[in-house]
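Asker: Let me give you the structure first, and then I'll get to my questions.
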Amino acid sequence: MKQESTKRVSWTILAEQLEYAISSGHFPVGSQLPSEYQLSQEWNCNRATLRCATRFLVSTGRLHRKQSGALIVAKPVFRRNLTNFEPLWYFAQQKHRTFTSRVLSLTIQQAPEPVARILQLDEEGNAYELRRVRYLDGIPAICETTWLSATRIRGLERFDFSNESLFEILAAEYNICTYSGKQRLDIVYANENESRLLQVPVLAPLFSLDGVTNDDYDRPVEVFRASIRSDQIGFACEIDRTSEL
């Protein structure tokens with residue numbers, strides 16, 4: 001009996017089929033995909049082509065590969081609007097995601113020259129440097145460093161930034177309302193420290209987000225730099241044009 005030959009189909013088509021199977025609930029979030037052999041038999045496709053499709057979905061965060069090699073359906077990538085300056089925990093809450101933090105350090109030290117210039121620091125140039133790892137649904141997703149003027153904002157040591165929002169503290173305790181700012185998005189590759197903190201391989205691709213947040217008088221409040229896992233958080237630029245109507 002002649003064996004049926006496998007279909008010649010591109011890996012992009014297979015990736016779209018897998019994406020549809022996931023979004024339609026055929027493969028629920030948290031479930032393990034059938035083996036490569038089982039899927040190739042079920043879909044009558046080439047295993048190498050299927051492997052390209054699953055690798056692509058791993059790179060986009062739709063699938064997660066365990067050390068055993070098993071493929072697990074991941075939650076959709078958390079997408080942040082670059083024009084949105086709401087606290088990350090609040091934005092995550094609206095998406096029914098859990099956002100937590102671990103403080104690595106909070107110190108007062110002389111700020112780097114570009115930071116001191118932006119924050120308009122005095123001659124001593126002292127600034128708070130707050131370093132945190134931010135977790136999305138328990139997965140380390142962001143390494144973040146924030147600088148704030150130690151002259152304008154005093155006594156930050158009183159607060160627990162693993163449980164409290166910086167923006168809420170600034171509003172409630174210092175009467176500083178964060179309102180606008182600038183952000184720059186680049187691609188970088190994980191160094192050894194980022195690899196350890198974010199639990200990714202060295203040289204894994206990361207988003208690098210640098211920016212300045214201003215208050216409602218357009219004065220700079222914070223300078224920040226973040227390294228972000230691209231398989232956990234994505235970015236978009238959405239502009240609300242309703243005010244133009």
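Asker: Once Lys and Arg get +1 and Asp and Glu get -1 on their Cβ, which of Pro114, Ala53, Val103 lies farthest toward the positive end of the dipole of the chain?
Answerer: Highest projection toward the positive end goes to Ala53.
Asker: What whole-number value in Å² describes the accessible area per residue of the chain for a 1.4 Å probe?
Answerer: Per residue, the chain has 60 Å² of solvent-accessible surface.
Asker: Moving to a separate point now. Kindly identify the range 118-245 as rounded, prolate or oblate by the Cα gyration tensor criterion: order the square roots of the eigenvalues as a ≥ b ≥ c, call it rounded if a/c is under 1.5, otherwise compare a/b with b/c, prolate if a/b is larger, else oblate.
Answerer: Oblate.
Asker: Another question, if that's okay. In vacuum, with every alpha carbon of the range 6-60 counted as one equal point scatterer, what does the Debye formula give for log10 I(q)/I(0) at q = 0.29 Å⁻¹? Two decimals, please.
Answerer: Ignoring solvent entirely, the Cα scatterers give -1.36.
Asker: Same structure again: Can you tell me the dipole magnitude for the chain around its Cα centre, using point charges on the Cβ only (Lys, Arg +1; Asp, Glu -1), in Debye to the nearest 20?
Answerer: About 1320 debye.
Asker: Using each residue's phi in the range 136-147, evaluate 6.51 cos²θ - 1.76 cosθ + 1.60 at θ = phi - 60° and report the 3J(HN,Hα) Karplus result to the nearest Hz, with x for Gly and Pro.
Answerer: Rounded to whole hertz, the list is 10, 6, x, 9, x, 10, 9, 9, 10, 10, 10, 10.
Asker: Ignoring ligands, DNA and RNA, what percent of the 1.4 Å accessible area of the chain is carbon and sulfur?
Answerer: Roughly 49 percent, rounded to a whole number.
Asker: What does the highest-first list of 204-212, 9-17, 127-135 look like by mean Cβ count within 10 Å?
Answerer: Per-residue mean Cβ counts within 10 Å order the peptides as 127-135, 204-212, 9-17.
Asker: If you take the alpha carbon radius of gyration of the chain and divide it by 2.2 N^0.38 Å, what ratio comes out, to two decimals?
Answerer: On the way: Rg = 22.3 Å, N = 245, 2.2 N^0.38 = 17.8 Å.
That ratio works out to 1.25.
Asker: Another question about this same structure. If packing is taken as the mean number of other Cβ atoms within 10 Å per residue, what is the order of 142-153, 43-54, 102-113, highest first?
Answerer: Going from most to least packed, we get 142-153, 43-54, 102-113.
Asker: Order His96, His64 by their accessible area, 1.4 angstrom probe, all chains in place, largest first.
Answerer: His96, His64
Asker: Work out the charge dipole of the chain with +1 on the Cβ of Lys and Arg and -1 on the Cβ of Asp and Glu about the Cα centre, then indicate which of Ala127, Ala190, Asn214 is farthest towards its positive end.
Answerer: Going by the charge dipole, the pick is Ala190.
Asker: Now for a separate question. For the range 30-42, take each phi angle, set θ = phi - 60°, evaluate the Karplus expression 6.51 cos²θ - 1.76 cosθ + 1.60, and give the result in whole Hz per residue in order, putting x for glycine and proline.
Answerer: x, 7, 9, 5, x, 4, 4, 5, 4, 5, 5, 6, 5
The values are calculated or read from the model by the stated rules, or taken from the named source; none is laboratory data. Model, not experiment: these values are computed from the prediction. FYI the Cβ positions are ideal-geometry reconstructions off the backbone, even for glycines, and counts take in every protein chain you see. We work out accessible area using only protein heavy atoms, side chains counted, and drop any ligands, DNA or RNA first. Shrake-Rupley method; radii C 1.70, N 1.55, O 1.52, S 1.80 Å.
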